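Before any comments, here is the structure.
The values are calculated or read from the model by the stated rules, or taken from the named source; none is laboratory data. From a predicted model like this one, the values you see are computed outputs, not experimental measurements. Backbone-built Cβ (ideal geometry, glycine too); neighbour counts: all protein chains shown.
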Amino acid sequence: MTTSAQLTCALEKIDSANRADPNQEMVEGESMPRELAYSQHMTRWLFALEPNPSERMQIACRAQHIERWTMPRADFPEGRKAYYQWRQACGRMHGARAAEIMVECGYEAAECERVETILTKRELRKDADTQLLEDVACMVFLEKYFADFYEEKADYDREKWLRIVRRTWGKMSPRGHEAALKLAEGMPEHLLALLQEALAEPES
C-alpha cells in the first residue's frame, strides 16, 4: 500500500503534537510521551484488525487522544455525568485538531470533516469507520491499560467492575469481540475471571 505525501504529513504532525505531552509511559523499557505511545498502540491495533485501512482511519486512530493532556479530567466535576461531558469535549477537541492538521496537509474539506465526525463518535454503531475506531480503542485499553486501571481503582466493588467490562464489551463489534477473546487468553487470572463472569451474565 502506497502512503501518500498527505498521509505522511498528517501522521508526522500528529506525532509532533503528541511529543509535547509532559506525561510519560514506559514502552519496552523506554520512557516516551504518554499520548505518543498511545497513538502508536492505536496504529498497531488498527492494522491488526484491518490490514488495509484507509488514510482517514490511520489519521483518526493516530489522533484519537491528540493533545489530551491539555483537557484534563480534573477540569470537570466528579461523577458519571461530568465524566461523559469530559469525554465528549475531548472527542470534539481531537476531531477539530485532526481536521485542522489535515487541512494543513492538503486534504479536501469533506475528508477532514469525515475524520472529525469519526473522532467525535457521533455515529457509533451506525458508521463502520467509527465502529472500527472504537474497536481499536477498546483493544488498546484491554491490552495496555486495563490491568493498571484495575489496580488504580481497587476501591471499586465487583459489580462496578462487571458493569465496566460489560459496557466496554457492548461498544465493540463481533470483530472486536473475537480479537478481545484471543487477547484475554494471556491476561492475568483475576482479569480473565472478571471478563468471563461479566460475559456469562450480561447486564440487565
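Remarks
- Positions within segment 162-174 being in a helix (DSSP H, G or I) and closer than 24 Å to Met42 by Cβ, in sequence order: Ile164, Val165, Arg166, Arg167, Thr168, Trp169, Gly170, Pro174
- For segment 137-176, a tally of residues being crowded, with 18+ Cβ neighbours inside 10 Å and either among the polar types (S, T, N, Q) or in contact with a Gly (Cβ under 8 Å, 6 or more places away or on another chain) (or both) returns 3.
- Complete set of residues in segment 168-188 that are in contact (Cβ under 8 Å) with a residue 12 or more places away in the chain and charged (D, E, K, R): Lys171, Arg175
- Residue under evaluation Phe146, criteria (1) in a helix (DSSP H, G or I); (2) more than 18 Å from the chain's Cα centre (by Cα), criterion not met: (2)
- Whenever a residue of segment 28-39 is in contact (Cβ under 8 Å) with a residue 60 or more places away in the chain, its partners that are basic (Lys, Arg), lying with C-beta atoms within less than 9 angstrom and at least six residues away or across chains, give the pairs Tyr38/Arg68; Tyr38/Lys144.
- Single condition Arg44 does not satisfy, out of (1) surrounded by 17 or more Cβ atoms within 10 Å (Cβ to Cβ); (2) within 14 Å of the chain's Cα centre (by Cα): (1)
- Residue within segment 80-90 that is surrounded by 15 or more Cβ atoms within 10 Å (Cβ to Cβ), assigned by TED's automatic domain parsing to the domain that holds Pro53 and of a type outside the set (Lys, Arg) present: yes
- Yes/no for His177 being outside any loop (DSSP other than H, G, I, E, B) and either of a type in the set (Ser, Thr, Tyr) or modelled with pLDDT of 95 or more (or both): yes
- Within segment 180-204, considering residues that are surrounded by fewer than 11 Cβ atoms within 10 Å (Cβ to Cβ) and over 26 Å from Arg44 (Cβ atoms), the one modelled with the lowest pLDDT: Ser204
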